Amino acid sequence: QAQVVESGGGLVQPGGALILSCTISGYAFAPYTMTWYRQPPGQERELVAQITTPDGGASYAESVKGRFTISRDDDKRTIYLQMNEMKPEDTAMYFCNRVPVVTWGQGTQVTVPS
């Protein structure tokens with residue numbers, strides 16, 4: 001059964017760090033570009049980071065550049081999002097996906113209190 005499963009969210013204090021994981025099964029993984037999105041409360045879903053293959057080149061939204069790092073492990077069919085120096089505005093539901101988009105998972109909630 002095709003699935004997208006995000007994990008690793010939680011409550012983290014400002015300035016803290018968190019790492020998210022996402023496993024995609026039932027869909028081709030390599031050689032597709034993989035993405036992390038987030039959806040803050042009451043707002044639209046936005047692209048946070050993406051990583052290509054085979055060179056693993058990555059790009060980021062301006063709001064997270066220098067603080068977040070996306071990575072991938074094609075053998076494990078998993079992508080990661082290392083989040084450092086976290087801010088209250090990082091509070092959102094985080095989702096992963098592929099380019100082209102496949103089914104959406106349930107997401108994982110990240111909360112950074114102000």
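The values are calculated or read from the model by the stated rules, or taken from the named source; none is laboratory data. Only a predicted model underlies this, so the values are computations on that prediction, with no experimental measurement involved. Note: ideal-geometry Cβ built from the backbone for every residue, glycine included; neighbour counts use all protein chains shown. Heads up: the accessible areas ignore ligands, DNA and RNA and are worked out on the full protein's heavy atoms, side chains in. Shrake-Rupley method; radii C 1.70, N 1.55, O 1.52, S 1.80 Å.
What residue, among those in region 79-104 that are over 15 Å from residue 48 (Cβ atoms) and modelled with pLDDT under 95, is least open to solvent (accessible area, probe 1.4 Å)?
Looking at the filtered set, the residue picked out is 102.
Could you list all residues from region 29-57 that are small (Gly, Ala, Ser) and either touching a residue at least 24 places away in the same chain (Cβ under 8 Å) or within 15 Å of residue 89 (Cα to Cα) (or both)?
Listed by number, the residues that qualify are 30, 42, 49.
For region 103-114, name all the residues that are of a type outside the set (Phe, Trp, Tyr) and in a loop (DSSP other than H, G, I, E, B). Working first, answer last.
Taking region 103-114 as the starting set, the residues that turn out to be of a type outside the set (Phe, Trp, Tyr) are 103, 105-114.
Scanning region 103-114 gives 103, 105, 106, 107, 112, 113, 114.
Filter the strands (runs of 3 or more DSSP E) completely within region 59-102 down to those with at least 2 residues that are free of Cβ contacts under 8 Å to residues at least 40 places away in the same chain and on the phi < 0 side of the Ramachandran plot. Before you say what the answer is, go through the steps one by one.
Details: elements: 68-73, 78-83, 92-99.
Fully inside region 59-102 and qualifying: 68-73.
Output the number of residues of region 1-52 satisfying the condition of being open to solvent by 60 Å² or more (accessible area, probe 1.4 Å), out of contact with any strand residue (DSSP E or B) (no Cβ under 6 Å at 6 or more places or on another chain) and among the aliphatic types (A, V, I, L, M).
0
Let me confirm something: among 102, 112, 4, which residue is of a type in the set (A, V, I, L, M) and touching a Pro at 6+ places or on another chain (Cβ under 6 Å)?
The match here is 112.
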